[in-house]
1. Compute the accessible area per residue over the chain, keeping the other protein chains in place, probe 1.4 Å, unit Å².
2. Run the helix sum for the chain: -39,500 (n - 2.57) per DSSP H stretch of 4+ residues, divided by residue count, reported at 222 nm to the nearest 500 deg cm²/dmol.
3. Roughly what would the spin-label model give for K2 and K131, points 7 Å off Cα along C-beta, in nm?
4. Using a 1.4 Å probe over the heavy atoms of the protein chains, calculate the carbon and sulfur portion of the accessible area of the chain as a whole percent.
5. Taking the simple approach of a point 7 Å from Cα along Cα-to-Cβ for both S320 and Q56, what is their distance in nm?
6. Leaving out same-chain residues fewer than 8 places away, which aspartates and glutamates sit with a Cα under 13 Å from that of K48?
7. Report the net charge of residues surrounding D289, where surrounding means a beta-carbon distance below 12 angstrom and charges are Lys +1, Arg +1, Asp -1, Glu -1.
8. Does the range 200-270 come out rounded, prolate or oblate, given a ≥ b ≥ c as the square roots of the eigenvalues of its C-alpha gyration tensor, rounded meaning a/c under 1.5 and, failing that, prolate meaning a/b above b/c?
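The values are calculated or read from the model by the stated rules, or taken from the named source; none is laboratory data. Everything numeric here is computed off the predicted structure, so don't read it as measured data. With ideal geometry, Cβ positions are generated from the backbone for all residues, glycine too; neighbour counts draw on all protein chains shown. We work out accessible area using only protein heavy atoms, side chains counted, and drop any ligands, DNA or RNA first. Shrake-Rupley method; radii C 1.70, N 1.55, O 1.52, S 1.80 Å.
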Amino acid sequence: MKKILLIGYYGYGNYGDDLLLNSFFRILDELKFDGTIILPLENEIEFKSNHYFNIQVVPRFNFYELKKSIKSSDLIIYGGGNLFQSETSYRSLFYYSYIANIAAKENKKILLLSQGFGSFKKNRGLKKLKKILNYPNLYGILRDRTSYEFAKKYNNNINLGVDLGPYVFFDMDYKKTNKISICLKEDHDLDLLTDFLSTFSNYTLSTLAINANQDVIKNYDLVEKIRTKTKIKADLPIQDPQKITEEISQSKIVISDRLHSSLAGIFFEARTITFNNVKNRRVIKNIKDDYSFFYKNTFEIPFCYYDCVYSKYDFKNLSSIYKEKIEKTVFDTKKLIQNVL
């Protein structure tokens, strides 16, 4: 029976990472993979019971168990995200590099799927990444062109795709309403933001805690401002992943500091504007390069929104292009997994 070690930042209440996990589960089910998925986790996750495969959970930070899992696995999959980076902490880079280095010593095949790289605070992080990429049994389908072009310098087994998180949305029915979904992560001038949102008097507002551990308080503060200063209906911040997806799917407007709420907005044809950071720009412009609705601060949000309105940017077309690229990336991913297993 085949075993796959599936690596990612799963189980921390992060909407995007959990979307990626469920998308890879869907892909493996569609491949009728009937082996075992070994999943390193720190926190418990509730799984469906009707997968073709078995799920074996191992402690995420028990390096003895991790090493055993690597040795017993037929394939190591890094399942989405910017796992190789030192922007949040060097500890993260050490963790994922440790797994790759042990896998290389054991001559295991490694897949980097729906991955991007960086940012790196120090050159030693880039050196670690270059060493990993030079491993001949490593293959990848990356989610942004910058990471792809960098990786291609060191490894010819690398291809370009898109972020696969929204793959779980295919076949989902939805209907648009006068709703705005917003996710705050960065520091914002809430008075200024409330003044802008108050112009949408016939809309309701949904605030989304995309990272349940980090986003709740900022979005709660926005709800309090909205309730105090406007007549707009605003519920308390939503943390349930299924409900987050439902809210975005129904929204005509999405304002997001975080990547996967923007990707969901694009998938569901909403007018989507996005916080301007390196990761967000790389991943979204890889879908369609003419997307330019990025804001650096609260002051730029209204300008960004009216720019997409007055330019009559075709978000329905953007959604169609993204869906086509997801389907192509899924096809390539399935083919790659079948070829290396």
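1. In whole numbers, the chain has 46 Å² accessible per residue.
2. Numbers: 12 runs with 147 residues, N = 341.
Value at 222 nm, helices only, nearest 500: -13500 deg cm²/dmol.
3. About 3.0 nm, to one decimal.
4. Percent of accessible area from carbon and sulfur atoms in the chain: 47.
5. 4.7 nm
6. Those aspartates and glutamates meeting the cut-off are D29.
7. +3
8. oblate
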